[in-house]
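First comes the structure, then the notes that go with it.
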Amino acid sequence: MDGSNDWTSIVLTLLILGSFLLNFTDIPQKMQLWRYSSYIRKKIIQLTEIEDESKRKVIKYLSRLNVENPRKVLEGFIDNFFMISPVDKEPTDIIRRMRHLIRTKDDLIRKYVEENLPNATSVQRQNAEALLEISSTLAYVNKVAKHYFQLGLKYNNWVLMMQLALELQQVVKLAKAYDDAMDSFMKGTPIGDGAGPLVAYYLKGSAEPVEIAKETVYYVTEIEGRKVYVVKAKGPGSTVGWPGEAVEKIINDLRDRVSRIITVDAALKLESEKTGEVAYGVGAAIGDPGPEKIAIERAATKYGIPLDAVVIKMSNEEAINTMTKQVFEGVKKAIEIVKKIIKEKVPRDGITVVVGIGNTIGIT
């Protein structure tokens, strides 16, 4: 009986001591910190492996183009080309300033690639630009993840660790998708984001291209008995062109003769939606930071032209990787929707401008 009481006393003492340690010390926080930091270390190792793999792919691609020192070219690119956003607290003419900065950055990258790949074709240079930017992005993502991990350790901040741990799984998944996407850019095959340009490709028929803006062309054709100007980035290299400037020039030239503007682009799907679903709405379907989109909106508003949007749904991973059968099926649906809009909403003597928005890699 006495032995039983002794054991009861011991258990109660341990419970009281455990309760005290859990409630009045930082031991639980340290345990949480250890738990989350262990998980984050594994994910950062994965991110580092993905970053290293992306660098190997870039070096391999540049080597195939007979670049003298591909590793030096890659290392000279990473972290050296960034853009500081313009002041937006005083928003006067912010779009013009943003367009200037974006194009300045693009010109610097283009010049860097031209200097280091003097014997490559324009298509190979465009694809090399995309590969360098992907590798640079992955290096930056890995650097940011390490920054917050080390910050959490430095200040024993288990809440920051928990937040990072909750986000990292999705970050690693997206980083892996970008790494896989590099194969598409190395081979020059169409990607999901090329859905818009592919719609334009099929709509243009046998019309000849006319260059109207940087890496951007238009075709004059006839669809459903109506005259149509089809705009897309100039392929088959990796580029999205300047569709906003192209549309602006066409509209300012044709003025009130244009009856309708139809933009076609890839769109991020919700988890409940199926890849390849097509939606039709109003507005400019274009995912740029602002300058190209606002150029289309301003041109449409200036002359009172209805602006339609046709989007093909897909995930982030599908947008940057080789185009899937489901996305291609969505492209075919989008073509029929565009034709229906032209047939039902554009008069016989009217002109339609159709814009295929997106990366035109692999699509001429």
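Data overview
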| item | result |
| --- | --- |
| Computed helical MRE - 222 nm, the chain, DSSP H runs ≥ 4 contributing -39500 (n - 2.57), nearest 500 | -20500 deg cm²/dmol |
| Charge dipole of segment 96-184 about the Cα centre (unit charges at C-beta), most positive-ward option of Asn156, Val144, Ile109 | Asn156 |
| The chain: DSSP helices with Cα axial extent of at least 15 Å and average Kyte-Doolittle hydropathy no lower than -0.5 | 2-24, 122-154, 158-187, 243-254, 325-345 |
| Backbone HN-Hα couplings from phi across segment 213-219 [Karplus 6.51/-1.76/1.60, Hz, Gly and Pro as x] | 8, 4, 6, 9, 10, 9, 10 |
| Anisotropy class of segment 178-260 from Cα gyration tensor, a/c 1.5 cut | prolate |
| Across Lys232/Lys269; Lys269/Lys345; Lys43/Lys313; Lys173/Lys333; Lys187/Lys345, pairs whose alpha-carbon gap is larger than 32 Å | Lys187/Lys345 |
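Any read-out appearing in this document is the output of simple, stated calculations on the displayed coordinates, not a laboratory observation. These numbers were taken from a predicted model, which means no experiment stands behind them. Counting neighbours? That spans all protein chains shown, and the Cβs are built from the backbone with ideal geometry, glycine included.
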